[in-house]
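Each remark here refers to the structure printed beneath this line.
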Amino acid sequence: DTEVTQTPKHLVMGMTNKKSLKCEQHMGHRAMYWYKQKAKKPPELMFVYSYEKLSINESVPSRFSPECPNSSLLNLHLHALQPEDSALYLCASSQGGSGISSPLHFGNGTRLTVT
Amino acid sequence: SQELEQSPQSLIVQEGKNLTINCTSSKTLYGLYWYKQKYGEGLIFLMMLQKGGEEKSHEKITAKLDEKKQQSSLHITASQPSHAGIYLCGADTPGGGSNYKLTFGKGTLLTVNP
């Protein structure tokens, strides 16, 4: 069982909807990540939070808005998405801050479909 | 930017056979990670390598990092159907300032036939 929990597992939303993806970890990790994965492609980094502060934004469109309320929680707020945003969204956490080499632990992802 | 090349792209083996997956970097690797992914699921961390010549094993899986720290291999001994999945190598790459980010190769799809 993964120690990074993502909800919901599946989400279908229209292009005018607002929804949020949630991620939670209780391993005491100080860095948290959002990745996007399209079918048959490797995960692509979207955002990194280190010690609850946004440290990396990979030029992600503003219709994706991350939030880190505390060290255990990470949200991704979605608004006015496009059908091409349909993908598997993966959350991950790691022990150190983003400047330290340590393995990422991934959740099982949220399968997002935009209609 | 650092690019990771994985080979082969896909691999079909008979149960019980050994196999090797390779990951080559265009730049020196400072942290090399191996992950396994079942379709539509999250990534499972397998091993992390940092030192040139380092080798780690877990059950029937062995990962190595060459002395020059530009190539890694993942070897599975006596493969089983449970080994099937997508194997991804990942590397720490500069993310700006003191930040590093994990970027992945394109993956190797392993099928193990019983």
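Throughout, read-outs are computed from the coordinates displayed, never taken from laboratory work. Since the structure is predicted, the reported quantities are computational estimates derived from the model, not experimental observations. Heads up, the Cβs are rebuilt from the backbone with ideal geometry, glycines too, and the neighbour counts pull from every protein chain shown.
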Residues that are more than 14 Å from the chain's Cα centre (by Cα), under 25 Å from A:T16 (Cα atoms) and surrounded by 14 or more Cβ atoms within 10 Å (Cβ to Cβ), drawn from the stretch A:36-79 | A:H79
Which residues, taken from the stretch B:94-114, are assigned to a strand (DSSP E or B), surrounded by fewer than 20 Cβ atoms within 10 Å (Cβ to Cβ) and more than 8 Å from chain A (Cβ to nearest Cβ)?
-> B:P94, B:L109, B:T111, B:N113
Filter the stretch B:45-64 down to residues that are closer than 22 Å to B:K101 by Cα and either surrounded by fewer than 16 Cβ atoms within 10 Å (Cβ to Cβ) or under 11 Å from the mean Cα position of the chain (by Cα) (or both), then give me how many there are.
-> 10
Name the single residue, out of those in the stretch B:65-83 being surrounded by 19 or more Cβ atoms within 10 Å (Cβ to Cβ) and away from every other protein chain (no Cβ under 14 Å), that is farthest from B:G107 (Cα to Cα).
-> B:S79
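Is it the case, given these coordinates, that B:I12 is hydrophobic (A, V, I, L, M, F, W, C), within 9 Å of chain A (Cβ to nearest Cβ) and part of a strand (DSSP E or B)?
no
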Give me the pairs: first residue in the stretch A:29-40 and among the polar types (S, T, N, Q), second residue assigned to a strand (DSSP E or B), beta-carbon distance under 8 Å, and six or more apart or on different chains, which are they?
-> A:Q37/A:E44; A:Q37/A:A87; A:Q37/A:L88; A:Q37/A:Y89; A:Q37/A:L90
